[in-house]
Each structure stands twice: as structure tokens, then as C-alpha cells.
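S.K.: This is the structure I want to talk about, given as C-alpha cells.
The values are calculated or read from the model by the stated rules, or taken from the named source; none is laboratory data. This one's a predicted model, so the numbers in the text were calculated from it and none came from an experiment. In this analysis, Cβ positions are derived from the backbone assuming ideal geometry, glycine residues included, and neighbour counts consider all displayed protein chains. Note: accessible area is taken over every heavy atom of the protein model, side chains too, but ligands, DNA and RNA are not part of it. Shrake-Rupley method; radii C 1.70, N 1.55, O 1.52, S 1.80 Å.
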Amino acid sequence: MTGSTGRRGVTPCLVITTVSSLDGVYEGSGVRLSLTQRFLARVACYLELYWYPFDRQRCAVEVQLSPESGGGASVVFGASAEVRYTGPYTLAIYTVQHVGRAEAGQSSLRVDFELHRRQGVIMLSTFLPSGLLLLVSWATLFVGIKEMNVRCIMSLTTLLVLYTLFSNMSRSLPATASIKLIDVWFFFIIFLLFANIVVHICVRPAKSAVAAATTKVELFLPAEPQPAPPEPAAPRLLRTYRLLVLPLIVVLFNLIFWVAVLMQ
């Protein structure tokens with residue numbers, strides 16, 4: 001207690017100083033702060049569609065600390081910071097694989113992951129029908145040499161159906177100027193179907209077979225039924241093409257195609 005004295009009287013004045021034991025100064029190293037934030041953002045990934053439908057897209061997400069939050073000065077990403085993917089790994093079109101952190105710096109964090117396309121539906125809706133159409137076109141090479149209409153109609157029908165399948169598939173893909181692996185597959189089969197049509201047009205029965213197939217017409221036919229004319233033999237060009245050339249080309253192309261797919 002303190003006071004002041006004057007000539008005209010005494011005015012008392014009381015000053016109380018209180019020190020609380022709860023007040024104190026703590027260093028930052030002894031304090032652990034935990035902050036949880038959730039951000040929702042759309043991430044764009046540039047797709048490389050050359051290997052479609054066997055493509056593997058490599059994408060990345062980079063998180064950068066803003067200068068307002070103290071990025072690079074007081075707030076940094078630690079070396080032990082981990083990245084966890086908590087969503088589903090099997091998506092509608094892709095599967096998420098190889099999710100990991102890439103070193104980017106103290107104020108930035110880069111997350112790399114891969115998207116592997118699922119080929120089940122594409123194999124059943126694209127490769128299997130196109131292969132069956134090629135088998136149908138190959139089977140027309142074994143039709144009788146005299147059945148020109150049957151051979152040409154079947155060959156043209158398979159070519160039109162294949163082109164319709166290719167057109168529908170192309171419209172479902174993003175518009176790009178580069179050639180995709182599925183385009184190479186369809187171009188090859190379309191070329192084979194066109195070659196089969198050209199072979200059907202070019203082949204003619206041998207002259208000896210035509211002469212043997214002619215029937216002598218008489219004025220008075222005998223009572224016994226005449227035997228059917230023999231089937232003319234297929235020309236050597238047709239036999240060589242359907243038994244050697246076409247199967248060899250198909251086997252070599254499939255060997256190169258699927259080895260390239262497995263090695264990419």
C-alpha cells in the first residue's frame with residue numbers, strides 16, 4: 001500500500017500486483033500442432049492414346065503451398081510426409097496403380113499415379129467380332145468356284161459390317177490426329193477383306209474344268225437321269241492364297257501386334 005501526503009489532507013491509493021502461475025512462455029519445439037484440411041479439385045491428365053486400348057496413363061497431382069500460408073518459410077512439407085490413396089482402385093474404365101510421392105521441394109508436394117485401362121469389354125466388343133468377321137471372309141474362299149454371287153455377297157457384307165463396327169468405335173474415342181493401335185488392327189483386317197474381294201473377282205475356273213462341265217444336248221434325251229457335271233477345280237491362285245498366303249499374313253501380323261502390346 002502506498003500513499004501521498006499534502007497540506008490539505010491525505011488521499012489513500014491502493015495498488016495490487018497479481019502474478020498467476022498459469023502464465024508462462026513455451027518454446028515452439030515443445031508444441032505439436034495438427035491441422036487437417038480437405039480440398040476438392042478437378043485434376044486434368046493428358047492422355048496418350050497411341051496404345052489404346054492397352055494404354056497406361058501416367059498422371060500427377062502437385063500441391064503448392066501459397067506464400068500467404070507461410071509456404072517455404074515457416075511451413076514446409078517434411079521428408080517423412082506420406083501419400084495415401086483412399087479411393088477405389090478399380091474404376092469404371094481404369095484401375096489406379098503405383099500411387100506414390102515424388103520429390104518436388106519443401107513448399108510443394110507431387111503425387112504420381114498410373115491409370116491402366118480395363119480391356120475386358122473392349123476385347124469382347126471389338127477384337128472378337130472383327131476376328132470372327134475375318135474368319136467368315138476367309139470361309140468364302142472355300143465356296144464353290146461357280147457360286148460367284150454367294151462369294152461376292154458374303155465378302156461385301158463382312159466388309160460393310162466391319163466398317164460399321166470401326167466407325168462406331170471411332171466415335172466413342174476422343175478426336176485426335178494421331179493413329180491409335182486399334183486403328184492399326186482395323187486397317188489390317190479391312191485390307192484383308194478387300195484383298196479377299198479382289199481374289200474373288202480375279203479368279204476364273206480353268207479352261208479344262210469349263211470344258212468338262214459342259215453338257216452335250218441331244219434331241220432325244222435318254223430315260224436315265226444325266227449325272228451332274230463335276231465341280232470345277234479351284235485355280236492354283238485361289239488354292240495358294242486361301243491355304244498359304246492369307247494364314248501366313250494373319251499369323252505374322254498377330255505375332256508382331258501382340259508382342260508389341262506385351263512389351264510396351
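S.K.: Restricting attention to the range 87-111, which residues are modelled with pLDDT of 85 or more and either closer than 18 Å to Ser34 by Cβ or among the aliphatic types (A, V, I, L, M) (or both)?
M.R.: Residues satisfying the conditions are Leu91, Ala92, Ile93, Val96, Val99, Val111.
S.K.: If you check Glu147 against the conditions, is it free of Cβ contacts under 8 Å to residues at least 12 places away in the same chain, among the charged types (D, E, K, R) and out of contact with any Lys or Arg (no Cβ under 6 Å at 6 or more places or on another chain)? Steps first, please.
M.R.: Working: free of Cβ contacts under 8 Å to residues at least 12 places away in the same chain: yes; among the charged types (D, E, K, R): yes; out of contact with any Lys or Arg (no Cβ under 6 Å at 6 or more places or on another chain): yes.
So Glu147 fits the description; yes.
S.K.: Residue by residue through the range 169-226, note down the ones that are open to solvent by 100 Å² or more (accessible area, probe 1.4 Å) and either modelled with pLDDT of 85 or more or of a type in the set (A, V, I, L, M, F, W, C) (or both).
M.R.: The initial filter retains those residues of the range 169-226 that are open to solvent by 100 Å² or more (accessible area, probe 1.4 Å), namely 171, 175, 177, 187, 191, 194, 204, 207, 216-217, 219-221, 223-226.
Within the range 169-226, Arg171, Ala175, Ala177, Phe187, Phe191, Phe194, Val217, Leu219, Phe220, Leu221, Ala223 qualify.
S.K.: Of all residues in the range 59-84, count the ones that are surrounded by 12 or more Cβ atoms within 10 Å (Cβ to Cβ) and at pLDDT 70 or above.
M.R.: Summing the residues that are surrounded by 12 or more Cβ atoms within 10 Å (Cβ to Cβ) and at pLDDT 70 or above in the range 59-84 gives 11.
S.K.: So, one more: Does at least one position in the range 237-249 carry a residue that is more than 30 Å from Met123 (Cβ to Cβ), open to solvent by 60 Å² or more (accessible area, probe 1.4 Å) and at pLDDT below 70?
M.R.: no
S.K.: OK, next. Would you call Gly144 at pLDDT below 90 and not in a strand (DSSP E or B)?
M.R.: Numbers: at pLDDT below 90: yes; not in a strand (DSSP E or B): yes.
Here the answer is yes, as Gly144 does meet what is asked.
S.K.: Go through (1) open to solvent by 50 Å² or more (accessible area, probe 1.4 Å); (2) in contact with a helix residue (DSSP H, G or I) (Cβ under 9 Å, 6 or more places away or on another chain) for Leu159 and report which single condition fails.
M.R.: (1)
S.K.: If you don't mind, there's one more thing I want to ask. Considering Gln106, Gln97, which residue is open to solvent by 40 Å² or more (accessible area, probe 1.4 Å), in a strand (DSSP E or B), under 30 Å from Gly78 (Cα atoms) and among the polar types (S, T, N, Q)?
M.R.: From the options Gln106, Gln97, the qualifying one is Gln97.
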